[in-house]
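The values are calculated or read from the model by the stated rules, or taken from the named source; none is laboratory data. Since this is a predicted model, take the numbers as computed values, not measurements. In this analysis, Cβ positions are derived from the backbone assuming ideal geometry, glycine residues included, and neighbour counts consider all displayed protein chains. Side chains included, ligands, DNA and RNA excluded: accessible areas come from the protein's heavy atoms. Shrake-Rupley method; radii C 1.70, N 1.55, O 1.52, S 1.80 Å.
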Amino acid sequence: MKKTRKIVTISDVHIPSHCPFAVSTFFNFVKDYQPDEVILNGDIMDFAGISRHEDASAANRVKGEFEMMNRFLDELQRITKKTCKITYLYGNHEDSRFDMFILKNAPQLEGMLSIQEALRLEERNIQYIRYRDWE
């Protein structure tokens, strides 16, 4: 008989434009449910400040967005059991906006700056899958 695995997924949080109440509700659920795996299903970060759709402003600085996302991951790892697998599937906001901004504005920095490094995903043992690698 196969053991049932408990999996929780969340998507389109759009940090830093997220709803704090919704994120708090998510964390409370995860803490109580204690899943075996959490899937961050894309667009957890927004990158509105470097989007071609919006103006970059002080309120949408990438540094602050990474700081908020690191706090999100810190809390997620704090409330889940040590054996909980966390998978981060990049959405178009993570992959396309970040990479395209660098390629368009500072191609010399391509490969030097990455989301996985800024969020310490390998150090955290969080698997990540790039948007373009979903296929």
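Taking N as the number of residues in the chain, what is its Cα Rg relative to 2.2 N^0.38 Å?
1.09
Could you report the chain's accessible area per residue, 1.4 Å probe, as an integer in Å²?
So the chain comes to 62 Å² accessible per residue, rounded to a whole number.
What FRET efficiency comes out for the pair S17/Q116, r = Cβ-Cβ distance, R0 = 22 Å, nearest 0.05?
0.50
Quick check on the chain: helices-only [θ] at 222 nm, where DSSP H runs of length 4 and up contribute -39,500 (n - 2.57) each and the sum goes over total residues. Nearest 500, please.
Values: 5 runs with 48 residues, N = 135.
Taken over the chain, the calculation gives -10500 deg cm²/dmol.
Mind checking the range 1-96 for trypsin sites (Lys or Arg not before Pro) that DSSP puts in a loop (not H, G, I, E or B) and that have at most 16 other Cβ atoms within 10 Å?
Counting only loop positions with at most 16 other Cβ atoms within 10 Å, the trypsin sites (Lys or Arg not before Pro) in the range 1-96 are K2, K3, R5, K6, R52, R61, K81, K82.
Looking only at the chain, where both bridge partners belong to it, what percent of the DSSP beta bridges are antiparallel (to the nearest 5)?
0 percent
Share of the chain's accessible area from carbon and sulfur, percent, 1.4 Å?
52 percent
Given a Förster distance of 30 Å, report the FRET efficiency between K3 and N105 from their Cβ-Cβ distance, rounded to the nearest 0.05.
0.05
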